Amino acid sequence: MSGFVELAKILDWSPLWISLKTGVVATIISFFLGLWAARKVIKKDYRAKSILDGILTLPMVLPPTVAGFFLLLIFSRRRTFGIFLNDTFNIQVVHTWLGCILAATVIAFPLMYRNARAAFEQIDANLVYAGRTLGMSEISIFWRIVVPTAGPGIASGTILTFSRAMGEYGATSMLAGNIPGKTGTVSQRIAMVIQDGDYVTAGFWVVIVLVIAFVMIFLINMITGKHMKNIRKW
Amino acid sequence: MKRLYADIHKTIEGFDLNVKIESDAARIGILGESGSGKSMTLRSIAGIETVDSGHIEVDGRVLFDSASKTDLKPQKRKVGYMFQNYALFPAMTVLKNVMAGMGRQTDENRAKAADMLRRLRMDGFEDKFPGELSGGQQQRVALARIMVTEPDLILLDEPFSALDSYLRDRMQVEMLEMLEDYTGQVVMVSHSRDELYRFSEELFIVSRGSIIRHGEAKAVFRDPESTIAARLTGCKNFSEAVQTDKHTIEAIDWGVTLKFRKKVLHPVHCIGYRAHRFDPVWGDKQENCIKCDVVRVDDLPFEKNYYIRTLREDEPLCWFVQGEEQRIINERGLPDYLKFAEDDILLLE
């Protein structure tokens, strides 16, 4: 135990902050994009729905390295779009923190989208109609009726998205690399120190990840649980 | 003068809806079986359902007109709609539900919403969630939520069908009381003749997507004109009929010749008779009588249902007896004959 305390003092904590920042930002982006996409998709007819759903879910089903390959293909500074971003907006994706966020978002987004969609589809259409006949705007109906009613599904989507985004490894390592203090996330640090045979440091990081993951899930469950009084137990 | 005009044409999955409702009554009823198109009519008026063609107007305000391509959004129609399941927003408190249609969450609106809840005797429930309320309480909140937006028209879609039967009777009376202050028209759709008889001034009967009878509610019950309408208003006994002269109709299925003092003017193909309206006759056979040959008796809590043999084996006459009449039968035994009272015979097309 005292070894762990010693280790904590001399440890480079940057991977923790990078992972947390990446997780939070990717979750926020996925949250809004996921809700938006879910709302669009459920309004489509059966065919369009199947196709769109397939495309939006693909990053979750593919090996992350395949997603990383495509991301590199798009954002590499030696390719058209990458050059365009760099020259016009001075934006670099490869080997930057932005790359971390992008990789994590692409991989984690389907979890948000799918959970939101499933939750939206469970909603009684009469709730939306009631909102309309009461004169509520469509935006107001969405944010004040649909999202809160779909609360549990959206909350679980958010938890899963955050967990997935924070732990992303495959696509991140390809797109953003493992630059200490810049793109070196916890997952990448664990893999690195294990390659060096340093199981103590690896174990230390594993414990931290476990604690964070558990606390996050517990917190979100507590927050959403409060507003779920109306949902009856069965 | 309030006036609702709705001429609605719509085809969906092989079902044709062609209804025309025109009424200046304060309380309008629409009676029909499930799948007859009555709910679809209501949803069309509210703008929840799209309409192929027609014209919908409330108090001179055009909500829909296919000729001029007018089609107001439900938000702009000022039509309150009460859903069968009340559709209260589950994640909002009672007060927030009532305020949902009021726009800004100002103190003034909050006071107005609370006042409406008080008028519908739901004060004290402001901070509860819909899931914590009984069916009757949910209904009152749903009504408060509608009334507070001061709509030009209120539509009630089977408002009592989700309630327990003992609550249903009470809520029917309460609904009328709660709507007392409301000056606009109210349309109620139901498959229950009792609910609509109590509620409606003017009644429309819908069958297979069209209006088959309309008029003052009591008059429609007295003279439904068609077999379908008679059945929907609760008539149990029907017989094919042949008119032999101006004062005589032969009830084929019952084997009874019915004499009328008044002239029968319209062509009659069928006659109906309500199960509660028979007069028991002891002793000699009188005019317009059928032999009281009971084939089955059903004992219900407050009435007895007797089934009387006719010429049709599969269709006995229903005779429903209550209270005082049953007491007499208990004393004197079953009558020898049942008499059809001339005024109660329904002459149907």
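Qualifying trypsin sites (Lys or Arg not before Pro) in region A:65-101, where qualification requires a DSSP coil assignment and no more than 11 other C-beta atoms within 10 Å, comprise A:Arg78.
Remark: mean inter-chain Cβ contacts per residue of A:136-148 equal 3, using a 10 Å Cβ-Cβ cutoff to other protein chain atoms. The mean of 1/r over all pairs of different alpha-carbon atoms in the protein assembly as shown, once inverted, gives a Kirkwood hydrodynamic radius of 29.6 Å.
Close amide-amide hydrogen proximity is noted between B:Val19 and B:Ile8, each under 5 Å apart and 5 or more residues distant or on a separate chain (H modeled in the peptide plane; Pro and chain starts excluded).
What you get for region A:1-84, charging only the Cβ of Lys and Arg (+1) and of Asp and Glu (-1), is a dipole of about 520 debye around the Cα centre. Put a plus charge on the Cβ of each Lys and Arg, a minus charge on the Cβ of each Asp and Glu, and nothing anywhere else: the dipole of region B:208-349 about its Cα centre is then about 300 debye.
Packing here is the average count of other Cβ atoms within 10 Å per residue, and on that basis the peptides A:31-43, A:94-106, highest first, run A:94-106, A:31-43. Between the alpha-carbon centres of region B:281-306 and region A:19-55 there is a gap of 69 Å.
Lys/Arg Cβ at +1, Asp/Glu Cβ at -1, dipole of the protein assembly as shown taken about the Cα centre: which of A:Val61, A:Val94, B:Gly215 is farthest positive-ward? Checked the options; the winner is A:Val94. Net charge near B:Lys78, counting Lys/Arg +1 and Asp/Glu -1 over other residues with Cβ under 14 Å of its Cβ? Computed value for this residue: +2. Our coupling estimate for region A:66-77, obtained by passing each phi through the Karplus curve with A = 6.51, B = -1.76, C = 1.60 and θ = phi - 60°, is 5, 4, x, 4, 5, 4, 4, 4, 7, 9, 3, 6 Hz, Gly and Pro reported as x. Under 5 Å between amide hydrogens, built in the peptide plane, is the criterion, and for B:Arg27 it picks out B:Val186, B:Glu201, B:Glu202 among residues at least 5 positions away or on other chains.
Sites listed here are GluC sites (Glu not before Pro) in region B:1-50 whose DSSP assignment is loop and whose Cβ has at most 16 other Cβ atoms within 10 Å: B:Glu13, B:Glu33. Taking Lys and Arg as +1 and Asp and Glu as -1, the other residues whose beta-carbon sits under 15 Å from that of B:Arg296 total -3. Here the 3J(HN,Hα) profile of region B:38-43, calculated from phi with Karplus coefficients 6.51, -1.76 and 1.60 at θ = phi - 60°, is 6, 5, 4, 4, 5, 5 Hz, Gly and Pro shown as x. Using 0.36 nm per residue and subtracting the Cα-Cα separation, the extra length available between A:Ile194 and A:Leu11 on full extension is 64.3 nm.
Derived scalar couplings between HN and Hα for region A:47-64 equal 5, 4, 4, 4, 5, 4, 4, x, 4, 6, 8, 3, x, 7, 8, 5, x, x Hz in order, rounded to whole Hz, by the Karplus curve 6.51 cos²θ - 1.76 cosθ + 1.60 (θ = phi - 60°), x for Gly and Pro.
Applying the criteria of a DSSP loop state and at most 14 other Cβ atoms within 10 Å to the chymotrypsin sites (Phe, Trp or Tyr not before Pro) of region B:216-304 yields B:Trp282, B:Phe302.
Placing unit charges on each Cβ (+1 for Lys and Arg, -1 for Asp and Glu) gives the protein assembly as shown a dipole about its Cα centre, and among A:Gly82, A:Ser30, B:Asn85 the Cα reaching farthest toward its positive end belongs to A:Gly82.
With the largest listed first and rounded to whole Å, the semi-axes of the equivalent ellipsoid of chain B from the Cα gyration tensor are 45, 26, 15.
Candidates B:Leu265, B:Tyr306, B:Val242 compared by Cα position along the dipole of region B:237-348: farthest toward the positive end lies B:Leu265, with charges placed on Cβ. Amide hydrogen proximity for B:Gly255: with H placed 1.01 Å from N in the peptide plane, the residues at 5 or more positions away or on another chain lying under 5 Å are B:Leu311.
Legend: ranking of residues B:Val148, A:Val193 from fewest to most surrounding C-beta atoms inside 10 Å; resulting order A:Val193, B:Val148.
In a simple Cβ point-charge model (Lys, Arg +1; Asp, Glu -1; nothing else charged), the protein assembly as shown has a dipole of about 2280 debye relative to its Cα centre. As a calculated quantity, the FRET efficiency between A:Ile74 and B:Arg198 at R0 = 60 Å, using C-beta atoms, amounts to about 0.30. Once the Cβ-Cβ distance of B:Ile328 and B:Glu287 is raised to the sixth power relative to R0 = 25 Å, the FRET efficiency obtained is 0.70. Computed packing ranks the peptides B:115-122, A:22-29 as A:22-29, B:115-122, most packed first, by mean other Cβ atoms within 10 Å. Look at the stretch B:85-95: the mean tally of other chain Cβ atoms within 10 Å of its residues' Cβ atoms is 6.
Where a number appears in this text, it was derived from the coordinates with a stated rule and is not lab data. Remember, it's a predicted structure, so these values are computed and weren't measured experimentally. In this analysis, Cβ positions are derived from the backbone assuming ideal geometry, glycine residues included, and neighbour counts consider all displayed protein chains.
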